Amino acid sequence: MSNSKDRLEEYQKKRHLNASPEPGEGEGSLDWADKRPIFVIQEHAASSLHYDFRIEVDAVLKSWAVPKGPSTDPSEKRLAVPTEDHPLAYADFEGVIPKGEYGAGTVLIWDRGSYRNLKDEGGKRKSVSQQIEDGHVTIWLEGQKISGGYALIRTQDGKDARWLLIKMNDERADARRNPTSTEPKSVTSGRTLKQIRDEEGGNDE
Ligand code: MN
């Protein structure tokens, strides 16, 4: 397996880390996290609004862009488009990516927490990286807004790969909730997208 430096090459290539406040490899403390692997969902108001869903796998954040964000309703299938691996420290990033830079726009930490592999026991034991390889991931999230089992299922492979993010039918499923619209604020700063933009956007925005 390649180390996290190699896997972050695409991340670094896309960015000018001297011009953007985004973190580089090895930066950040993640002082809120314990030993368990982490996940983060970042609302990203870029050229189009989406939610970046990221899970820690082998020392990087495997990432998908989810246009509508996660649902708590198992009957909702949310499109998830894979994007490049991000450094772990990205889970602490909230702020404004300047105009002209890759992903220009505002990033808000919409939810985060730990997760566990639902295929880590018994006869079906399989690592999350193997599940990603196989195109079928099941994990249990413990976030502040989102929790319970979620499945990520690849529906199209190759250069234009497409996945679906689906809430599993368990006791945390709730078709009446709609947290992306009713709980819009950052779980780390309590700010809205607009407040982040106003406070950190400079003269640029
Ligand atoms: Mn994004």
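Consider segment 145-196. How many of its residues are in contact with a Gly (Cβ under 8 Å, 6 or more places away or on another chain), assigned to a strand (DSSP E or B) and within 18 Å of residue 72 (Cα to Cα)?
Total satisfying the criteria: 4.
Any residue that is surrounded by 12 or more Cβ atoms within 10 Å (Cβ to Cβ), part of a strand (DSSP E or B), within 18 Å of the chain's Cα centre (by Cα) and touching a residue at least 60 places away in the same chain (Cβ under 8 Å) - is there at least one of those in segment 17-37?
The answer is no, given that none of the residues of segment 17-37 is surrounded by 12 or more Cβ atoms within 10 Å (Cβ to Cβ), part of a strand (DSSP E or B), within 18 Å of the chain's Cα centre (by Cα) and touching a residue at least 60 places away in the same chain (Cβ under 8 Å).
Given 116, 54, which one is in contact with a His (Cβ under 7 Å, 6 or more places away or on another chain) and either farther than 20 Å from residue 16 by Cα or within 12 Å of the ligand (Cβ to nearest atom) (or both)?
Going through 116, 54 in turn, just one is in contact with a His (Cβ under 7 Å, 6 or more places away or on another chain) and either farther than 20 Å from residue 16 by Cα or within 12 Å of the ligand (Cβ to nearest atom) (or both): 54.
On the basis of being within 16 Å of the ligand (Cβ to nearest atom) and out of contact with any Phe, Trp or Tyr (no Cβ under 7 Å at 6 or more places or on another chain), does residue 31 make the cut?
Numbers: within 16 Å of the ligand (Cβ to nearest atom): no; out of contact with any Phe, Trp or Tyr (no Cβ under 7 Å at 6 or more places or on another chain): yes.
Considered against the rule, which asks whether it is within 16 Å of the ligand (Cβ to nearest atom) and out of contact with any Phe, Trp or Tyr (no Cβ under 7 Å at 6 or more places or on another chain), residue 31 comes out as no.
Do you know which residues across segment 1-11 are in a helix (DSSP H, G or I) and open to solvent by less than 70 Å² (accessible area, probe 1.4 Å)?
4, 7, 11
Among the residues of segment 153-171, are any open to solvent by less than 80 Å² (accessible area, probe 1.4 Å), more than 16 Å from the chain's Cα centre (by Cα) and touching a residue at least 40 places away in the same chain (Cβ under 8 Å)?
Scanning segment 153-171, I find at least one residue that is open to solvent by less than 80 Å² (accessible area, probe 1.4 Å), more than 16 Å from the chain's Cα centre (by Cα) and touching a residue at least 40 places away in the same chain (Cβ under 8 Å), so the answer is yes.
I need the full set of residues from segment 71-107 which are within 25 Å of residue 174 (Cβ to Cβ) and either assigned to a loop (DSSP other than H, G, I, E, B) or in contact with a Pro (Cβ under 8 Å, 6 or more places away or on another chain) (or both), in order please.
Across segment 71-107, the qualifying residues are 71, 72, 73, 74, 75, 76, 78, 79.
Taking the residues in segment 65-101 that are among the hydrophobic types (A, V, I, L, M, F, W, C) and in contact with a Lys or Arg (Cβ under 7 Å, 6 or more places away or on another chain) as candidates, determine which candidate is surrounded by the most Cβ atoms within 10 Å (Cβ to Cβ).
Filtering segment 65-101 down to residues among the hydrophobic types (A, V, I, L, M, F, W, C) leaves 65-66, 79-81, 88-89, 91, 93, 96-97.
Narrowing further to those that are in contact with a Lys or Arg (Cβ under 7 Å, 6 or more places away or on another chain): 66, 79, 81, 91, 96.
On the way: 66: 21, 79: 15, 81: 15, 91: 24, 96: 22.
Within segment 65-101, the match that is surrounded by the most Cβ atoms within 10 Å (Cβ to Cβ) is 91.
Could you give every pair whose Cβ atoms fall below 6 Å, whose first residue belongs to segment 42-64 and is over 22 Å from residue 197 (Cβ atoms), and whose second residue is assigned to a strand (DSSP E or B) and among the basic types (Lys, Arg), counting only separations of at least 6 or pairs across chains?
Sorted first by the residue in segment 42-64, then by its partner, the pairs are 55/62; 61/54; 63/54.
The values are calculated or read from the model by the stated rules, or taken from the named source; none is laboratory data. Predicted model only: the values in this text are computed from it and were never measured. Reconstructed Cβ throughout: ideal geometry from the backbone, glycine too, with neighbour counts over all protein chains shown. Please note that ligands, DNA and RNA were not included when accessible areas were found on the heavy atoms of the full protein model with its side chains. Shrake-Rupley method; radii C 1.70, N 1.55, O 1.52, S 1.80 Å.
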